[in-house]
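Shown next, in structure tokens, is the structure this report addresses.
The values are calculated or read from the model by the stated rules, or taken from the named source; none is laboratory data. Values in this document were obtained by computation on a predicted structure and should not be read as measured data. No Cβ is skipped: glycine too gets one built from the backbone with ideal geometry, and neighbour counts run over all protein chains shown. Each accessible area value is taken on the protein alone, full model and side chains, heavy atoms only, with ligands, DNA and RNA left out. Shrake-Rupley method; radii C 1.70, N 1.55, O 1.52, S 1.80 Å.
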Amino acid sequence: METIRMDKDADGILTLTFDAPGAPVNTMSEPWQRDIEEVAALVTAQKDTIKGVIFASAKKTFFAGAELKDVVRAKPSEAEQWFNFAEHAKRQFRAFDRLGKPVVACLN
């Protein structure tokens with residue numbers, strides 16, 4: 001994975017650290033979208049070995065949201081594509097919600 005690190009300790013606590021390489025902040029870039037989908041699938045498959053999930057950031061800020069340079073270039077004709085992009089991210093986070101395990105985010 002390019003933008004997310006996964007570390008599970010001996011107690012089954014999984015730490016997911018957002019860290020977009022070379023970027024000053026973490027954003028919902030396409031690489032991040034692919035990574036969060038992969039992480040959600042892995043966590044769902046391994047949920048019996050996970051006792052909790054911690055979301056963290058290697059940046060000073062936790063997460064900046066959408067990648068602004070992509071949003072600025074967006075056209076009205078791409079509205080459905082952008083809607084689907086956002087819905088995809090929401091589905092990934094819903095997978096963490098459905099784990100039945102504690103999930104927390106460490107915000108600065």
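Overview of values
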read-out: Filter pass, Lys51 being more than 15 Å from Ile4 (Cβ to Cβ), surrounded by 12 or more Cβ atoms within 10 Å (Cβ to Cβ) and touching an Asp or Glu at 6+ places or on another chain (Cβ under 8 Å); value: yes
read-out: Some residue of the stretch 36-54 being of a type in the set (Lys, Arg), without any contact (Cβ under 8 Å) to a residue 24 or more places away in the chain and assigned to a loop (DSSP other than H, G, I, E, B); value: no
read-out: Of all residues making up the stretch 1-25, the number that are open to solvent by 80 Å² or more (accessible area, probe 1.4 Å) and closer than 24 Å to Lys51 by Cβ; value: 6
read-out: Filtered residue count, the stretch 42-72, keeping only those that are hydrophobic (A, V, I, L, M, F, W, C) and closer than 13 Å to Leu16 by Cβ; value: 10
read-out: One residue from Ala10, Ala23, Ala41 being under 17 Å from His88 (Cβ atoms) and among the aliphatic types (A, V, I, L, M); value: Ala41
read-out: Residue satisfying condition, being more than 29 Å from Ile13 (Cα to Cα) and either touching a Leu at 6+ places or on another chain (Cβ under 9 Å) or among the aliphatic types (A, V, I, L, M) (or both), within set Val72, Val53; value: Val72
read-out: Filter result (among the hydrophobic types (A, V, I, L, M, F, W, C) and more than 30 Å from Asp48 (Cβ to Cβ)) within the stretch 60-108; value: Ala64, Ala66, Leu68, Val71, Val72, Ala74, Ala79, Trp82, Phe83, Phe85, Ala86
read-out: Members of the stretch 58-108 found to be hydrophobic (A, V, I, L, M, F, W, C), in a helix (DSSP H, G or I) and open to solvent by 50 Å² or more (accessible area, probe 1.4 Å), listed by number; value: Leu68, Val71, Val72, Ala79, Trp82, Phe83, Phe85, Phe93
